[in-house]
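So the structure is just underneath, and the comments pick up after that.
The values are calculated or read from the model by the stated rules, or taken from the named source; none is laboratory data. Worth saying up front: this structure is predicted, and the values here are computed from it rather than measured. Quick reminder, even Gly has a Cβ in these numbers, built from the backbone with ideal geometry, and neighbours come from all protein chains shown. Accessible surface is based on the protein model in full, side chains and every heavy atom, while ligands, DNA and RNA are left aside. Shrake-Rupley method; radii C 1.70, N 1.55, O 1.52, S 1.80 Å.
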Amino acid sequence: MIDDLPARAATLDADDPLAAFREQFITPPPAELLSYLDGNSLGRPLEATARLLDEFVREQWGGRLIRGWDEGWLEWPLTLGDRLGSIALGAGAGQTVIADSTTVLIYKLARAAVAARPGRRTVVLDTDNFPTDRYVIEGIAAECGLRLEWIETDPATGIRAEQVADVVDADTALVLFSHVAYRSGWLADVAEINRVAHAAGALTMWDLCHSAGSVPIALDEWGVDLAVGCTYKYLNGGPGAPAFAYLRRELQDELRQPIQGWMGHRASFEMGHGYEAAAGVRALLSGTPPILAMVPLHANLDMLAAAGIEAVRAKSLLLTGYVLDLADEWLAPHGVTVVSPRDPARRGGHVTLRRDGFKDFLQPLWDSGVIPDYRRPDGLRIGPAPLSTSFGEVCQGLALLRELLEKNPR
Ligand SMILES: *Cc1c(COP(=O)(O)O)cnc(C)c1O
């Protein structure tokens, strides 16, 4: 016998050690937002974010004006990078910067990586990686005359070490994969895939967009060479918030990113002749850092540090486990299938459901304040963000989806 699923939500909420964090978010009335299930696409803002932005504009920007650069802003890409690294990425200081967008950082890091392995002419990637990752690497391959080795990944699962072992060899310069697959939510075994790639002499790069702030990451321990990710998904940085890049300390003197701007220069304000890269990870910067867009990160990192990434992961697994039970009990009878890993060890922070015609359900869901994410073909992604989502909210959202399914039989 299956237990009463709404009652289970109430129990899970009552037992949730992170429940109080929900009060820190800006919460619109239920008519507008009943159930937010898209934390994996755009995280919700904190009350503190509104306050910090206002303060920043009035006091720092408005009050300090150009002096602000010398009084701290210039260091933000590095100091915030270090904080993010220690709270969410398992990265020791001096290896992470906040800058640009994920897309641009993929270009900068991947271009640097292939240039550092001149005898090797192949980049390995998988067919189900996020489009921007694939497109940027295609562009680099065209630019540098490289060959692309595509691993066919199952869209319901994701990249496995055996598949990587089959294709890497002495010609592989770089492998690039996502830690959590954007479609299925597959959680890759980063350490094992790195071992396989490193045994062939390749550099490894990981896209952390769907894991940063949701799944514990241990970049240093896992031997990751390069990594990128965004801060507007589980890190709640806001639409268009800047991205982050990680470059392993041992590689910092060797790898040179291609966009040589004044902010990555050894002495930006000497305005001298000829580019000389700054020491360390600062050399990943190009132009003026997006300081205003980094303001929300301060609040979000404080919150994540207080909650702890392990506790976030524990709640995330309970949330996605609950989604799976609701899907099996309420939605499967209406032809809905789960296209995400059920094994908690291989499951990231979201679950994708599929049924023909799901596309037509998106608007009625949105109109009722239930907000999942739609991904072609016919996939509804359910991405509950552990710090802002309750079990009751998940229950209400999927109950509404069940109602729509009942009204629209196939
Ligand atoms: C969200 C996401 C991106 C986004 O890149 P932008 O440059 O911020 O648009 C890239 N890769 C993955 C895996 C993502 O999930």
Checklist entry - Quick one: what pairs do we get from the stretch 91-109, first residue within 15 Å of the ligand (Cβ to nearest atom), second open to solvent by less than 10 Å² (accessible area, probe 1.4 Å) and of a type in the set (Phe, Trp, Tyr), C-beta under 6 Å, 6+ apart or different chains? => result 98/244
Item to check | Test for residue 258: is it open to solvent by 20 Å² or more (accessible area, probe 1.4 Å) and within 16 Å of the ligand (Cβ to nearest atom) | outcome: no
Item to check | Among (1) more than 16 Å from the ligand (Cβ to nearest atom); (2) surrounded by 17 or more Cβ atoms within 10 Å (Cβ to Cβ) - the single one residue 234 does not satisfy | outcome: (1)
Checklist entry - Does at least one position in the stretch 137-152 carry a residue that is closer than 21 Å to residue 230 by Cα, outside the structural domain of residue 350 (by TED's automatic domain parsing) and within 13 Å of the ligand (Cβ to nearest atom)? => result yes
Checklist entry - Could you give every pair whose Cβ atoms fall below 8 Å, whose first residue belongs to the stretch 225-238 and is over 15 Å from residue 50 (Cα atoms), and whose second residue is assigned to a strand (DSSP E or B) and of a type in the set (Gly, Ala, Ser), counting only separations of at least 6 or pairs across chains? => result 226/245; 227/245; 228/243; 228/245; 229/243; 230/243; 231/243
Checklist entry - Can you tell which of 341, 377 is surrounded by 15 or more Cβ atoms within 10 Å (Cβ to Cβ) and in a loop (DSSP other than H, G, I, E, B)? => result 341
Item to check | Residue that is assigned by TED's automatic domain parsing to the domain that holds residue 234 and either closer than 30 Å to residue 353 by Cβ or within 15 Å of the ligand (Cβ to nearest atom) (or both), where the choices are 189, 169 | outcome: 189
Checklist outcome for this item: Within the stretch 216-253, residues touching a strand residue (DSSP E or B) at 6+ places or on another chain (Cβ under 8 Å) and not in a loop (DSSP other than H, G, I, E, B) come out as 219, 226, 227, 228, 229, 230, 243, 244, 245, 246, 247, 251
Checklist outcome for this item: Sole miss for residue 228 among (1) within 14 Å of the ligand (Cβ to nearest atom); (2) open to solvent by 40 Å² or more (accessible area, probe 1.4 Å); (3) of a type in the set (A, V, I, L, M, F, W, C) is condition (2)
Item to check | Residue, nearest to the ligand (Cβ to nearest atom), within the stretch 24-40, restricted to residues that are at pLDDT below 95 and either open to solvent by less than 10 Å² (accessible area, probe 1.4 Å) or among the small types (Gly, Ala, Ser) (or both) | outcome: 40
Next on the checklist: I'm trying to understand the selection: among the residues of the stretch 110-136, which are more than 16 Å from the ligand (Cβ to nearest atom), β-branched (Val, Ile, Thr) and open to solvent by 10 Å² or more (accessible area, probe 1.4 Å)?
Outcome noted: 114
